[in-house]
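Working notes, structure below.
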Amino acid sequence: MKRILLFITAIFSYQQSYTQDFNDVRVYIEDLKSKAIRDTSLMSDQGLNIFMAKKVNTYLTGSGDLSMNKNYFIIDPTDGRLFLGHNWAKDPSQDTFRTKWIFTTGIKSNVAEAFSTIYSGKDKKLSNNTGLALKLTLLGRGIIYFGENGTQIQTKELKKFGLTDTTMDRYQQQEIANYYREQLKNEINDLIIIDSTKFENKIENTGTEAFRALKRKEFYSKKAKFYKKMFIEEESRYIEEEEIYNAFWNHWVSLDIYIPITRQQYRVAESFTALIEDRMLYNFEGTLIWSNIYERKKMRLLASIGLGTKIMNNITTAELEKYSIGSYKQLGGTDTLSLAQIKTDEIYIGNYNQFFIPLLKFNLVNFFLANKQIGLSLLAEKHFGAYNPLNIKAGIPFNLKGKDDDTKVSFELQFKWNDINNNILPDVNPSDKFMIGLSVGIPLTSQLY
């Protein structure tokens with residue numbers, strides 16, 4: 001009997017010695033649980049980060065849209081550019097504070113002839129250009145709460161856990177979520193013991209003590225990150241799948257800047273008898289965007305308003321006439337010396353101007369079909385100053401599942417009317433200002449912030 005007790009004590013001490021390497025995991029989980037109870041929150045701040053990321057990732061149509069995946073790319077037919085982005089932010093599973101900001105760096109490149117443009121009413125290509133895209137996003141904390149049916153839903157969930165009617169009286173509002181977090185904590189503790197035991201048995205007689213110490217360090221560090229992430233992901237998944245919330249709202253502010261790396265080059269002459277000159281456009285853009293997301297059981301709304309500016313010229317606004325080299329010569333072009341020295345297919349005739357253009361835009365998206373996988377969108381973009389068209393874009397956004405639930409691919413079938421108020425080029429047929437296109441947004445990794 002004494003030998004059996006000594007054996008059990010030895011096993012217990014052995015488990016305790018290596019499972020203590022996961023004390024930081026236990027502290028992390030207890031901190032989240034305690035803070036949720038103290039703040040009377042339905043979900044921890046870190047769990048809410050994951051919850052929100054899955055919602056906003058359903059709409060990726062342009063670089064101004066928010067993605068909370070680590071890497072992603074977007075093909076936007078409205079400006080004919082491809083964007084490849086990388087997000088920098090604190091991992092909420094490795095900190096007891098929520099993710100408050102995301103810094104995005106990326107590259108934009110012109111793909112006006114890419115497959116993303118299905119139909120263009122007027123065949124006018126932009127000059128190829130590439131630039132650096134920078135975006136700083138400040139995230140709100142978010143609110144998730146019960147509505148009128150909260151008590152009924154909680155009662156159903158408590159029965160599923162096998163709690164008695166007497167116990168149910170003690171659980172009100174967010175308490176069902178607190179109970180689940182406690183159950184999840186116990187599951188992770190059990191998993192820690194199982195995984196640690198398997199690992200220690202595997203390396204028990206392997207290599208030197210120094211080798212085993214190195215392997216332990218790698219194992220416990222990797223597993224600690226896994227358990228922390230598991231806790232907030234499972235918390236988020238449970239509250240969403242079991243629908244024990246009634247509504248969710250959050251907002252964020254983004255400063256989106258495009259800095260050209262390559263310039264757009266044009267050959268311009270003031271008249272057919274004037275010299276041909278090189279003109280360069282550095283098409284800088286900057287936009288400040290305030291966005292909101294609001295979700296209920298049967299719909300998800302995203303709304304944003306943006307104020308920005310960009311550098312344009314009277315070539316991109318189609319004010320200067322474009323001529324081929326043959327037409328230039330036939331119409332009396334005299335600068336044949338410049339033509340012999342340059343390689344170009346087109347020349348612009350007229351007085352060249354470059355200017356800043358302010359703009360205001362509003363976007364509204366509603367996912368309400370096929371379990372909030374399909375929706376409708378409307379974007380209005382108004383320019384002011386020397387170039388002042390009103391552009392309207394209507395769309396049908398939809399999602400398709402990627403390699404997992406965290407990498408859903410976003411599509412939007414877009415119908416865009418440029419200059420719908422006919423302020424620019426009033427003589428041009430309206431059908432030439434219309435475009436149908438397909439935007440594609442693809443998360444490249446499943447890591448969520």
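The values are calculated or read from the model by the stated rules, or taken from the named source; none is laboratory data. Predicted model only: the values in this text are computed from it and were never measured. FYI the Cβ positions are ideal-geometry reconstructions off the backbone, even for glycines, and counts take in every protein chain you see.
Of the residues L66, L42, L32, L60, which single one is out of contact with any Cys (no Cβ under 9 Å at 6 or more places or on another chain), over 30 Å from S377 (Cα atoms) and part of a loop (DSSP other than H, G, I, E, B)? Can you show your working first?
Values: L66 fails: over 30 Å from S377 (Cα atoms); L32 fails: part of a loop (DSSP other than H, G, I, E, B); L60 fails: over 30 Å from S377 (Cα atoms).
Of the residues listed, the single one that is out of contact with any Cys (no Cβ under 9 Å at 6 or more places or on another chain), over 30 Å from S377 (Cα atoms) and part of a loop (DSSP other than H, G, I, E, B) is L42.
Scanning for something in contact with a helix residue (DSSP H, G or I) (Cβ under 8 Å, 6 or more places away or on another chain), more than 22 Å from L82 (Cβ to Cβ) and modelled with pLDDT under 90, does region 245-266 turn up at least one residue? Even if it seems obvious, please write down each step before you answer.
If we filter region 245-266 for residues that are in contact with a helix residue (DSSP H, G or I) (Cβ under 8 Å, 6 or more places away or on another chain), which is where we start, we get 245-246, 248, 250.
Keeping just the survivors that are more than 22 Å from L82 (Cβ to Cβ) gives 245-246, 248, 250.
With the extra rule that they be modelled with pLDDT under 90, the set shrinks to 245-246.
Looking for residues that are in contact with a helix residue (DSSP H, G or I) (Cβ under 8 Å, 6 or more places away or on another chain), more than 22 Å from L82 (Cβ to Cβ) and modelled with pLDDT under 90, one finds at least one in region 245-266, hence yes.
Does any residue of region 258-281 turn out to be on the phi > 0 side of the Ramachandran plot and not in a strand (DSSP E or B)? Please lay out each step first, then the result.
The first filter runs over region 258-281 and keeps only residues on the phi > 0 side of the Ramachandran plot, leaving none.
Scanning region 258-281 turns up no residue that is on the phi > 0 side of the Ramachandran plot and not in a strand (DSSP E or B).
Which of the residues belonging to region 321-350 are closer than 13 Å to L275 by Cα, surrounded by fewer than 17 Cβ atoms within 10 Å (Cβ to Cβ) and at pLDDT 85 or above?
Once the filter is applied, which keeps residues that are closer than 13 Å to L275 by Cα, surrounded by fewer than 17 Cβ atoms within 10 Å (Cβ to Cβ) and at pLDDT 85 or above, region 321-350 yields only G350.
Six or more apart or on different chains, Cβ atoms under 6 Å: show the pairs whose first residue is in region 312-327 and in the same structural domain as I357 (by TED's automatic domain parsing) and whose second is at pLDDT below 85 and surrounded by 17 or more Cβ atoms within 10 Å (Cβ to Cβ).
none
Please state which of the following conditions N418 fails to meet, knowing it meets all the rest: (1) crowded, with 16+ Cβ neighbours inside 10 Å; (2) out of contact with any helix residue (DSSP H, G or I) (no Cβ under 7 Å at 6 or more places or on another chain).
So N418 meets the others, but not (2).
Kindly indicate the residue of region 436-449 that is at pLDDT 90 or above and surrounded by fewer than 21 Cβ atoms within 10 Å (Cβ to Cβ) and also farthest from I374 (Cα to Cα) among those meeting that condition.
I436
Looking at D405 and the list (1) surrounded by 15 or more Cβ atoms within 10 Å (Cβ to Cβ); (2) under 24 Å from the mean Cα position of the chain (by Cα), which single condition is not satisfied?
Failing condition for D405: (1).
Being touching a helix residue (DSSP H, G or I) at 6+ places or on another chain (Cβ under 9 Å), assigned by TED's automatic domain parsing to the domain that holds L320, touching a residue at least 24 places away in the same chain (Cβ under 8 Å) and closer than 18 Å to S63 by Cα is the requirement here; does K393 meet it? Full working, then the answer.
On the way: touching a helix residue (DSSP H, G or I) at 6+ places or on another chain (Cβ under 9 Å): no; assigned by TED's automatic domain parsing to the domain that holds L320: yes; touching a residue at least 24 places away in the same chain (Cβ under 8 Å): yes; closer than 18 Å to S63 by Cα: yes.
For K393, the condition - touching a helix residue (DSSP H, G or I) at 6+ places or on another chain (Cβ under 9 Å), assigned by TED's automatic domain parsing to the domain that holds L320, touching a residue at least 24 places away in the same chain (Cβ under 8 Å) and closer than 18 Å to S63 by Cα - is not met.
Confirm whether F231 is exposed (fewer than 12 other Cβ atoms within 10 Å of the Cβ), in a helix (DSSP H, G or I) and either in the same structural domain as A36 (by TED's automatic domain parsing) or on the phi > 0 side of the Ramachandran plot (or both).
Numbers: exposed (fewer than 12 other Cβ atoms within 10 Å of the Cβ): no; in a helix (DSSP H, G or I): yes; either in the same structural domain as A36 (by TED's automatic domain parsing) or on the phi > 0 side of the Ramachandran plot (or both): yes.
So F231 does not fit the description; no.
Within region 372-384, does at least one residue satisfy the condition of being within 22 Å of Y72 (Cα to Cα), crowded, with 19+ Cβ neighbours inside 10 Å, modelled with pLDDT of 90 or more and among the polar types (S, T, N, Q)?
Step one: filter region 372-384 for residues within 22 Å of Y72 (Cα to Cα), giving 372-375, 377.
Subsequent filtering for residues that are crowded, with 19+ Cβ neighbours inside 10 Å retains 375, 377.
Subsequent filtering for residues that are modelled with pLDDT of 90 or more retains 375, 377.
The next check asks that each one be among the polar types (S, T, N, Q); those that pass are 377.
Within region 372-384 (the criterion being within 22 Å of Y72 (Cα to Cα), crowded, with 19+ Cβ neighbours inside 10 Å, modelled with pLDDT of 90 or more and among the polar types (S, T, N, Q)), the answer is yes, since at least one residue qualifies.
Does D427 count as without any contact (Cβ under 8 Å) to a residue 24 or more places away in the chain and assigned by TED's automatic domain parsing to the domain that holds S271? Write out each step before concluding.
On the way: without any contact (Cβ under 8 Å) to a residue 24 or more places away in the chain: yes; assigned by TED's automatic domain parsing to the domain that holds S271: yes.
So D427 fits the description; yes.
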